[in-house]
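> Provided herewith is a single structure, encoded as structure tokens, for subsequent inquiry.
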Amino acid sequence: MNIVLSGIKPTGVPTLGNYLGALKNFVKLQNEMTDYEFFMFVADMHAITIPEDPKTLRTNIKNLAAIYLASGLDKDRLTLFLQSEVHEHLELGYIMQSITYMGELERMTQYKDKVAKQVTGVTSALFTYPALMAADILLYDAKYVPVGEDQKQHLEITRDLGNRFNNRFGNTFQIPEALVTKVGAKIMDLQDPTKKMSKSGDPLDKGCIYLLEPLNIIKKKIKSAVTDSETRVYYDKEKKPGISNLMTIYSVITGLNYDEIEKKYEGKGYGDFKGDLAEIVATEIGGLQERFNAIINSKELDEILDQGRERAEILARKKMLKVYHKVGLGRF
Ligand code: TYM
């Protein structure tokens, strides 16, 4: 059976960007692609590429696992697991490093951005991150990898590494394809709509909505989102990045396209639009939070993660035996 696979890093609480660009899309794809197996994992090894407090990390890991389920994924057709519990990710990550060139890693824009922000203390794990991400995907012969726009470059290097390995050692890996949604692949910061919405670690950050924060705060953040001085609601990403970003959020949640939203708000101002959007987002996230609360302390969460690990391990072990054999490692 073909596999659709994706992961999210448990750094901080996931954002509305993660939800609209990734989680909501996973749910939609799972409903549509009924003859595919869905593998979703908590990319916890990726979270320690930057310093993380152990207690906080453990909480974030558990929260993220519960958020996957609360987002509406069907647990009966899902292999949900923690990356750190399937050791083969690291084994294949190392093999991938051995065929990755420094120059390729130096070109990664996410790495360059992070280095630019964090002048000292950049770790070698942050640098080699894309090799581990390639391993996450190739290990299971994933056919499709749904991700947001910012991960496209990492998918490209994954394809390059898969092809390089296949050419050098013989056909071993399926070459995956990125699945990027048309609308919602890049949700922007509410206070600075020219930059991506991402976790700053600061809950008071008005530009970023966190999935587990109180609904009244979420509404406030939407209502105080930066927009331009016009009042007519229409989509123009270049000239009106603020309102366009809010329209994207509206569109992904309601399913209405930009023209339909424009029509709906003809003759009304930004105030009406933002007020409605605040309610729409709060209802959507409120539902997720309710499901989250029902799952987070249940035994079922652990059981699902155990089953997920067992299923993932079977495929991962088989693949690694093949890889070691092809590379010439060990005694076989
Ligand atoms: P991460 O944890 O940064 O983000 C998880 C997913 O959320 C998407 N995303 C967004 N989409 C729209 N708008 C935004 N503002 C926004 N912010 C984040 C990301 O594109 C991503 O799909 N390296 C990955 C995790 C990973 C992975 C993998 C993913 C590790 N191994 C293998 C797929 C397959 C990451 O850091 O994503």
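The values are calculated or read from the model by the stated rules, or taken from the named source; none is laboratory data. Treat the numbers as computed from the prediction; the structure is a model and nothing was measured. All Cβ positions, even for glycine, are placed from backbone atoms using ideal geometry, and neighbour counts span all protein chains on display. Side chains included, ligands, DNA and RNA excluded: accessible areas come from the protein's heavy atoms. Shrake-Rupley method; radii C 1.70, N 1.55, O 1.52, S 1.80 Å.
> Please report, as a whole percent, how much of the solvent-accessible surface of the chain comes from carbon and sulfur atoms (probe radius 1.4 Å).
Details: 8110 of 15970 Å².
Carbon-and-sulfur percentage of accessible area, whole number: 51.
> Give me the angle, in degrees from 0 to 90, between the Cα long axis of helix 124-138 and the longest principal axis of the Cα atoms of the chain, rounded to the nearest 10.
That works out to roughly 80 degrees.
> Roughly speaking, what is the centre-to-centre gap between the range 149-169 and the range 221-235 when only Cα atoms are used, to the nearest Å?
Cα centroid of the range 149-169 versus Cα centroid of the range 221-235: 39 Å apart.
> Provide the packing ranking of 49-57, 15-23, i.e. peptides ordered by the mean count of other C-beta atoms within 10 Å per residue, highest first. The partial results should precede the final answer.
Details: 49-57: 12.6, 15-23: 24.3.
Order by mean packing, descending: 15-23, 49-57.
> Leaving out ligands and nucleic acids, note down the accessible area per residue over the range 215-293 with a 1.4 angstrom probe, in whole Å². If you can, show how the numbers build up before the last one.
Numbers: 4050 Å² over 79 residues.
I get 51 Å² per residue for this part.
> Using only Cα positions of the range 253-324, each an equal point scatterer, no hydration layer, compute I(q)/I(0) via Debye at q = 0.11 Å⁻¹ and quote the log10 values to two decimals.
The computed values of log10 I(q)/I(0) come out as -0.60.
> Something else now. Using the beta-carbon distance between Ile280 and Ile175 and R0 = 51 Å, what value does 1/(1 + (r/R0)^6) give for FRET efficiency, to the nearest 0.05?
On the way: r = 39 Å, r/R0 = 0.76.
The computed FRET efficiency comes out at 0.85.
> In addition: Whole percent per 10 Å bin, from 0 to the bin with the longest distance: what is P(r) over all C-alpha pairs of the chain?
Going out from 0 Å in 10 Å bins, the chain shows 5, 25, 33, 24, 10, 3, 0, 0 percent.
> Also: For the chain, take the longest principal axis of its alpha carbons; what is the angle in degrees between that and the long axis of helix 270-295, to the nearest 10 within 0 to 90?
For 270-295 against the chain, the angle is about 40 degrees.
> Could I ask something else about it? From the gyration tensor of the Cα coordinates in the range 150-233, what semi-axes in whole Å does the equivalent ellipsoid have, largest first, with each one equal to sqrt(5λ)? Display every interim value, and only then the final one.
Numbers: eigenvalues 313, 46, 21 Å².
In descending order the semi-axes read 40, 15, 10 Å.
> Continuing with this model, one more query. Note down the net charge around Thr56, summing +1 for each Lys or Arg and -1 for each Asp or Glu among other residues with Cβ under 13 Å from its Cβ. If you can, show how the numbers build up before the last one.
Working: positive: Lys55, Arg58, Lys62, Lys199; negative: Asp44, Glu52, Asp53.
My count for the surroundings of Thr56 gives +1.
> Using a Gaussian network model of the chain with C-alpha springs under 10 Å, which one of Ile61, Ile218, Ile314 is most mobile by mean-square fluctuation?
Greatest mean-square fluctuation among the candidates belongs to Ile314.
> On to the next question. Aspartates and glutamates near Lys195 by alpha-carbon distance under 19 Å, same-chain residues fewer than 8 away left out - which ones?
Filter leaves Asp113, Glu149, Asp150, Asp205, Asp228, Asp236, Glu238.
> Taking amide H positions as placed in the peptide plane 1.01 Å from N, state which residues far from Val42 in sequence (5 or more) or on other chains have amide H under 5 Å from it.
Amide H neighbours of Val42: Phe81, Leu82, Gln83.
> Provide the FRET efficiency to the nearest 0.05 for the Glu32-Thr231 pair, computing r from the beta carbons and using R0 = 25 Å.
On the way: r = 38 Å, r/R0 = 1.51.
Calculated transfer efficiency: 0.10.
> Give me the Kirkwood hydrodynamic radius of the range 215-293, using the inverse of the mean 1/r over all pairs of distinct Cα atoms, in Å to one decimal. All intermediate terms of the calculation are to be shown ahead of the outcome.
Details: mean 1/r = 0.0775 Å⁻¹.
The answer is 12.9 Å.
> Now, a different point. Past the 27 Å Cα-Cα mark, which pairs from Lys152/Lys219; Lys186/Lys318; Lys24/Lys196; Lys186/Lys319; Lys75/Lys206?
Working: Lys152/Lys219 31 Å; Lys186/Lys318 36 Å; Lys24/Lys196 18 Å; Lys186/Lys319 33 Å; Lys75/Lys206 33 Å.
Result: Lys152/Lys219; Lys186/Lys318; Lys186/Lys319; Lys75/Lys206 exceed 27 Å.
> Further question: When each pair of different Cα atoms in the range 30-115 is counted once in the 1/r mean, what is the Kirkwood radius in angstroms, to one decimal? It would help to have the intermediate numbers written out before the result.
Numbers: mean 1/r = 0.0648 Å⁻¹.
Computed over the range 30-115, the radius equals 15.4 Å.
> Hey, another quick one. For Lys322, list the lysines whose Cα falls under 24 Å from its own Cα; do not include residues on the same chain fewer than 8 positions away.
Lys143
> The range 160-284: D in µm²/s via Stokes-Einstein (Kirkwood Rh, Cα pairs, 37 °C, 0.692 mPa s)? Can you show the working numbers first?
Numbers: Rh = 16.3 Å.
Result for D is 201 µm²/s.
> Order these peptides, 86-95, 261-270, by their mean beta-carbon neighbour count within 10 angstrom, highest first.
86-95, 261-270
> Angle between the Cα long axis of helix 152-169 and the longest principal axis of the chain, 0 to 90 degrees, nearest 10?
Tilt of helix 152-169: around 10 degrees.
> Counting only helical runs of four or more DSSP H residues, what would the 222 nm mean residue ellipticity of the chain come to if each run contributes -39,500 (n - 2.57) and the total is spread over all its residues? Could the numbers behind the result be given before it?
Working: 13 runs with 172 residues, N = 332.
It comes out at -16500 deg cm²/dmol, rounded to the nearest 500.
> Taking the Cβ of Ile218 as the centre, find all other residues whose Cβ is under 13 Å away and add up their charges (Lys, Arg: +1; Asp, Glu: -1).
Numbers: positive: Lys206, Lys219, Lys220, Lys221, Lys223, Lys274; negative: Asp205, Glu213, Glu279, Glu284.
Taking every Cβ under 13 Å from that of Ile218, the sum is +2.
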